[in-house]
Amino acid sequence: MTIKELVGGEVISVTPDTAIRAAASEMQETGVGSLAVVVDGSLEGIFTERDVLNVVAESSDVSEATVGDFMTKLPDTFGPEMSVEDASDWMLATGYRHLPVVDENGDLIGMVSIKDILWAITDSATL
């Protein structure tokens with residue numbers, strides 16, 4: 001199985017100047033654990049649940065913080081043909097919980113979470 005089989009739905013994105021509260025609300029409302037940070041159609045970063053935790057722990061004034069202050073800039077990206085097994089190995093080695101998936105043109109087509117990977121591995125093991 002490849003990670004393109006796990007990509008579905010709309011990629012939720014924000015810009016670097018998005019307020020942390022707005023980004024966290026977007027994550028809560030849409031039920032996602034990460035947001036793509038996009039500028040002029042280009043993936044510039046990723047903002048995750050872990051980043052929200054870092055904001056609260058490190059920022060003296062959360063109301064002034066923006067996504068750009070805490071996002072992972074220029075994250076590693078992965079092609080849709082990557083196997084689920086390779087993705088799980090990468091996540092274990094790096095500690096990543098979300099992988100941006102891009103097509104051959106570099107366009108963001110989705111985000112794969114560790115939950116998606118675990119589901120795929122568990123599902124294929126029961127077949």
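Among the residues of region 86-107, what is the count of those that are under 13 Å from the mean Cα position of the chain (by Cα) and surrounded by fewer than 18 Cβ atoms within 10 Å (Cβ to Cβ)?
Selection size over region 86-107: 3.
From the list ALA57, ALA23, which residue is assigned to a helix (DSSP H, G or I) and either out of contact with any strand residue (DSSP E or B) (no Cβ under 6 Å at 6 or more places or on another chain) or basic (Lys, Arg) (or both)?
One residue alone meets the criteria, ALA57.
State whether one or more residues within region 63-77 are touching a Lys or Arg at 6+ places or on another chain (Cβ under 8 Å), surrounded by 14 or more Cβ atoms within 10 Å (Cβ to Cβ) and not basic (Lys, Arg).
No, there is no match, as no residue in region 63-77 is touching a Lys or Arg at 6+ places or on another chain (Cβ under 8 Å), surrounded by 14 or more Cβ atoms within 10 Å (Cβ to Cβ) and not basic (Lys, Arg).
Conditions tested, residue by residue: (1) touching a strand residue (DSSP E or B) at 6+ places or on another chain (Cβ under 7 Å); (2) not in a helix (DSSP H, G or I).
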site	(1), (2)
GLU81	yes, yes
ALA87	yes, no
TYR96	no, yes
PRO100	yes, yes
GLY110	yes, yes
TRP119	no, no
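Kindly indicate whether VAL37 is assigned to a strand (DSSP E or B), touching a helix residue (DSSP H, G or I) at 6+ places or on another chain (Cβ under 7 Å) and under 20 Å from MET1 (Cβ atoms).
No; evaluated as a whole, the condition is false for this residue.
Output the number of residues of region 33-45 satisfying the condition of being farther than 19 Å from ILE114 by Cβ, of a type outside the set (A, V, I, L, M) and crowded, with 16+ Cβ neighbours inside 10 Å.
1
Kindly indicate which of THR48, THR30, THR18 is under 30 Å from ASP123 (Cβ atoms) and either surrounded by 14 or more Cβ atoms within 10 Å (Cβ to Cβ) or of a type in the set (Lys, Arg) (or both).
THR48
Would it be correct to say that LEU53 is modelled with pLDDT under 95, buried (at least 17 other Cβ atoms within 10 Å of the Cβ), out of contact with any helix residue (DSSP H, G or I) (no Cβ under 9 Å at 6 or more places or on another chain) and not hydroxyl-bearing (Ser, Thr, Tyr)?
It is false that LEU53 is modelled with pLDDT under 95, buried (at least 17 other Cβ atoms within 10 Å of the Cβ), out of contact with any helix residue (DSSP H, G or I) (no Cβ under 9 Å at 6 or more places or on another chain) and not hydroxyl-bearing (Ser, Thr, Tyr).
Any idea how many residues of region 3-20 are of a type outside the set (A, V, I, L, M, F, W, C) and at pLDDT 95 or above?
Result for region 3-20: 5.
Enumerate the pairs (first residue in region 61-74 and free of Cβ contacts under 8 Å to residues at least 12 places away in the same chain and farther than 13 Å from VAL14 by Cβ; second residue anywhere and of a type in the set (A, V, I, L, M) and not in a loop (DSSP other than H, G, I, E, B)) with beta-carbon separation below 9 Å, excluding pairs fewer than 6 apart on the same chain, so at least 6 apart or on different chains.
What qualifies is GLU64/ALA19; GLU64/ILE20.
The values are calculated or read from the model by the stated rules, or taken from the named source; none is laboratory data. Treat the numbers as computed from the prediction; the structure is a model and nothing was measured. As a convention, Cβ positions derive from the backbone with ideal geometry for all residues, glycine included, and neighbour counts pool all protein chains shown.
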